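Visitor: Handing you a structure now.
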């Protein structure tokens with residue numbers, strides 16, 4: 001009887017030990033699972049905030065856009081004289097060459113307008129505002145010629161001599177045609193892009209808030225609406 005009792009007691013201890021071992025093992029497995037889950041969450045957080053992530057790219061894009069706007073706002077605008085139709089100046093600069101004789105040049109302007117399907121009087125109004133019809137006008141920003149084309153724009157439209165009035169006129173007409181198509185015929189947006197560049201119009205979703213550009217657009221529009229020789233105003 002004693003032997004049987006001792007064996008039973010030993011079996012009971014073995015069962016308890018086994019149960020304890022299984023409990024510890026289960027606890028360790030649970031902790032390991034939780035640790036793996038926490039590690040996975042941490043990796044996701046690092047991936048979301050790390051370089052190259054979607055969130056990081058969005059932050060970077062916003063920062064670049066803000067920097068571009070700040071640079072533009074620091075630019076010193078041109079001084080435009082919206083008074084007499086044939087007067088142009090950038091600050092106190094006066095071109096050294098004479099202006100075109102409008103009576104002789106008018107037909108060339110009209111031909112380019114018709115070829116590019118532009119509103120009547122548009123090219124004349126832009127040329128008067130841009131250069132006062134002075135073929136040798138050069139701005140401090142690097143725009144040159146009758147239509148004040150930047151070097152990249154002149155090259156894009158095949159201008160060999162930016163001070164050649166007829167090359168400048170042809171390129172200016174093609175450029176305005178392209179801008180009108182880009183902005184679905186909106187003349188004010190096209191003029192804003194001609195003055196400040198399409199990138200700025202796209203960035204602000206309309207005419208950029210630069211006094212020089214807004215003054216430019218209003219002035220060109222008013223020039224188009226000036227009475228013609230027949231006494232009828234030309235509409236854009």
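The values are calculated or read from the model by the stated rules, or taken from the named source; none is laboratory data. Here the structure is a predicted model, which is why all the values come from computation and not from measurement. Cβ coordinates were reconstructed from backbone atoms using ideal geometry, including for glycine residues, and neighbour counts include every protein chain displayed.
Visitor: How about the range 222-236: which of its residues are crowded, with 17+ Cβ neighbours inside 10 Å and at pLDDT 75 or above?
Guide: Matches in the range 222-236: 223, 224.
Visitor: Among the residues of the range 157-173, which ones are crowded, with 18+ Cβ neighbours inside 10 Å and either in contact (Cβ under 8 Å) with a residue 40 or more places away in the chain or in a helix (DSSP H, G or I) (or both)?
Guide: Passing the criteria: 165, 167, 168, 169, 170, 171, 172, 173.
Visitor: Taking the range 113-131 only, how many residues are in a helix (DSSP H, G or I) and surrounded by fewer than 18 Cβ atoms within 10 Å (Cβ to Cβ)?
Guide: 2
Visitor: So which residues in the range 122-139 are closer than 26 Å to residue 188 by Cβ and without any contact (Cβ under 8 Å) to a residue 60 or more places away in the chain?
Guide: Of everything in the range 122-139, those that are closer than 26 Å to residue 188 by Cβ and without any contact (Cβ under 8 Å) to a residue 60 or more places away in the chain turn out to be 123, 127, 130, 131, 132, 133, 134, 137.
Visitor: If I ask for residues that are surrounded by fewer than 24 Cβ atoms within 10 Å (Cβ to Cβ), within 23 Å of residue 135 (Cβ to Cβ) and out of contact with any strand residue (DSSP E or B) (no Cβ under 9 Å at 6 or more places or on another chain), which ones from the range 174-195 would you list?
Guide: 174, 177, 178, 179
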